[in-house]
Amino acid sequence: MASREIPPKAWGPAPAQGPVAGGKDLWGRFRETGLGPLAGLMILAIVVTALLVPLLPLADPIAPDYDQVLAPPGSGHVLGTDLHGRDQLSRTLWAARTSLLVGLVATGLALAAGVTVGSAAVYSGRFIDPLLMRAADIFLSFPAVVGAVAIMAVLGPGVRNVFLAIAFFGWPIFARIFRSSLLSTKEMGYVKAAQGLGAGEGRIFFVHVLPNSISPLAAYSALAVAGAILAEAGLSFINLGVQRPHPSWGLMLAESIGQFDSAPWLAIVPGVAVTLTTLAFILLGAALTRAIDPRASRTAG
Amino acid sequence: MQIFRFILIRLLSMLAVLLGAVTLLFVVIYLLVPGDAAQAIQGIRATPESLENLRRELGLDRPLWVQYGRYLWRLLHLDLGTSYQLNRSVSSVIGDYLPATAYLAGAALLLESVVGIGWGMTMAGRRSIRWDTASALSGAVLMATPVFFLGMLLQYIFASRLGILPLSGLGGYNPVNLVLPAVTLAAGQVIIVGALMRAALETEMRKLYFLAARSRGLTHRQAMLRHGTRNALGPVATLLAVDFGTLLGGAMITEIVFAWPGLGRMTYFAAQTRDVPLVLGAVIVMVTLFVVLNSLVDILYRVLNPRLRMGRALDG
């Protein structure tokens, strides 16, 4: 019902007719359009760079240098400097760490909570299940950024609160996807067959149900990381996220307001950085959707 | 009769979700806010006695369930409290800002329906990996671009460089001022509308009536325009209506970039000054609009679509 972030349905199931991707295996479908491997390489490059940042010979991302204010890209500073003379390259790369951290931790929290609630809903019987799902509806009734802004207004700004605000409203979609996936897997022929062969409840859950239910979450997780990265940038842009003087792409863009004519690199560098990082995760999500669900072998869009 | 039962159940579940949402907000505010409202109002001017007096005045000395009861009672009477900073009733402040947001959200919705549906119709039935890849890639780029970055780029190109559109502001509801913010707000959603329209059309094309239309001699194009489109619009209309709710609340960043005097930008300023009643009131209004719109669409969809009307009255 709610269209928070990216509804997975809009991306995936354009139920294709005929064997467009039929017969191809998981990997075959993942790389069918070439965008899947591209996304993988982009993410690999971003993650490796973010991990290596402390080891790279970069200028201090925080200490101001008022002899170097607004230096254009090129001369000494590859991507120029900002209003306080800080090196843009260094700030952009350090900000990548914050951005990825928020994306992964917030998604991880939401995923863990969603899987817990989803399994509880399926295995705790007919009274708890509707209650948990209505609770999910309540969290989904907060449009996009609104819920996160309310939480940040209450908790106060800061990276840790950004994790919480994003995860707080992010878990219900994971719970819904996992619940419906569990429900349909439980009815599969091979599960019935295992039951018929006398396998125990625990064995059936861990060997047959869980591994086959988890895959729809993989595709949505990639999209959720993209959503969390955009949310962090947005919250920092409106001063509710990462605080000055720490580097964050959203904050760098906020600081560039009014400078676009004289120093366009101030906005373009962090803007392109957020867009490329988010793009990589969206493409990964689309390719995973395509790989996991053969019926969705044609990415709509 | 089934349809009345459906409407009744749908409305009751809407009320339950609304009650849950305001309760959730109450819990968040009371459990998480450091200090209390009295402290927030008086700030550094507070003395122990004045705080005590104000707490009694606001009922903060009462047990939590009494406070919760009063909170619900006031909400029922559309009383959202008083803003700490502006010293005015929250509902009148919101009333001042809501029209600009509705105007912007309406324009963005119109834009995304026209462009999204047009794009979906153009892409439907074209099956080539190259086309798919190109459209998926361009769609993903639009979705990945943060609204504030897109807004700033558009401002730079169309206002600063070309000087053909105003930089920002409402301009007394001048339609020219609407163009850039509406495009910015609609950009990410266009893709989703387009993708859904395309998928829905392709589903229709596989149905027997479509084949029948073709065998009566209609060209593919005619069959699509006369029959397919009409049937494919149902799910798209549902998505659009839900989007309108999202746009009303989600316009915050766009409004900030374009100095648009709407609800989102007001909430942003209220959040900066930690004016909790104003933020809370605005969030309650956005959530209510969102939930009510969703329910109305569900009901309308069911009433207007006879095939569903006879079917199972309750699913999701």
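The values are calculated or read from the model by the stated rules, or taken from the named source; none is laboratory data. For clarity, every value in this text was computed on a predicted model and none was experimentally measured. Glycine gets a Cβ as well: all are built from the backbone with ideal geometry, and neighbour counts include every protein chain shown.
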Inset, instruction - Check B:LEU178, B:LEU167 and return the single one that is buried (at least 22 other Cβ atoms within 10 Å of the Cβ) and either within 21 Å of the chain's Cα centre (by Cα) or more than 8 Å from every other protein chain (Cβ to nearest Cβ) (or both). - result: B:LEU178
Legend entry - Yes/no for B:PHE269 being more than 26 Å from B:LEU15 (Cα to Cα) and either more than 9 Å from chain A (Cβ to nearest Cβ) or touching a Leu at 6+ places or on another chain (Cβ under 8 Å) (or both): yes
Legend entry - Looking only at region A:144-175, and only at residues there that are surrounded by fewer than 21 Cβ atoms within 10 Å (Cβ to Cβ) and in contact (Cβ under 8 Å) with a residue 60 or more places away in the chain, the one that is nearest to the chain's Cα centre (by Cα): A:VAL159
Inset, instruction - Can you confirm whether region B:289-297 contains a residue that is in a helix (DSSP H, G or I), β-branched (Val, Ile, Thr), within 14 Å of chain A (Cβ to nearest Cβ) and surrounded by 24 or more Cβ atoms within 10 Å (Cβ to Cβ)? - result: yes
Legend entry - Subset of region B:108-123 [of a type outside the set (Gly, Ala, Ser) and either more than 10 Å from every other protein chain (Cβ to nearest Cβ) or over 14 Å from B:ILE192 (Cα atoms) (or both)]: B:LEU109, B:LEU110, B:LEU111, B:GLU112, B:VAL114, B:VAL115, B:ILE117, B:MET121, B:THR122
Inset, instruction - Count, please, the residues in region A:274-301 that happen to be at pLDDT 90 or above, farther than 15 Å from A:GLY34 by Cα and surrounded by fewer than 24 Cβ atoms within 10 Å (Cβ to Cβ). - result: 2
Legend entry - Extreme residue, farthest from the other protein chains (Cβ to nearest Cβ), among residues of region B:181-222 that are basic (Lys, Arg) and either without any contact (Cβ under 8 Å) to a residue 60 or more places away in the chain or outside any helix (DSSP H, G or I) (or both): B:ARG216
Inset, instruction - Go through the residues of region A:200-219 one by one and say whether even a single one is surrounded by 24 or more Cβ atoms within 10 Å (Cβ to Cβ), within 18 Å of A:GLY170 (Cβ to Cβ), aliphatic (A, V, I, L, M) and at pLDDT below 90. - result: yes
Inset, instruction - Check whether at least one residue in region B:65-72 is at pLDDT below 90, assigned to a helix (DSSP H, G or I) and within 30 Å of B:GLN189 (Cα to Cα), and report yes or no. - result: no
Inset, instruction - Inspect all residues belonging to region A:269-277 and state whether any of them is of a type in the set (A, V, I, L, M, F, W, C), under 18 Å from A:LEU101 (Cα atoms) and within 8 Å of another protein chain (Cβ to nearest Cβ). - result: yes
Inset, instruction - Filter the helices (runs of 4 or more DSSP H) completely within region A:62-171 down to those with at least 3 residues that are among the polar types (S, T, N, Q) and modelled with pLDDT of 90 or more. - result: A:88-123
Inset, instruction - Could you look through region B:124-148, keep only residues that are touching a residue at least 40 places away in the same chain (Cβ under 8 Å) and either more than 9 Å from chain A (Cβ to nearest Cβ) or over 30 Å from B:PRO181 (Cβ atoms) (or both), and pick out the one that is nearest to the chain's Cα centre (by Cα)? - result: B:LEU142
Legend entry - Filter result (farther than 17 Å from B:ALA186 by Cβ and either surrounded by fewer than 22 Cβ atoms within 10 Å (Cβ to Cβ) or not aliphatic (A, V, I, L, M) (or both)) within region B:124-155: B:GLY125, B:ARG126, B:ARG127, B:SER128, B:ILE129, B:ARG130, B:TRP131, B:ASP132, B:THR133, B:ALA134, B:SER135, B:LEU137
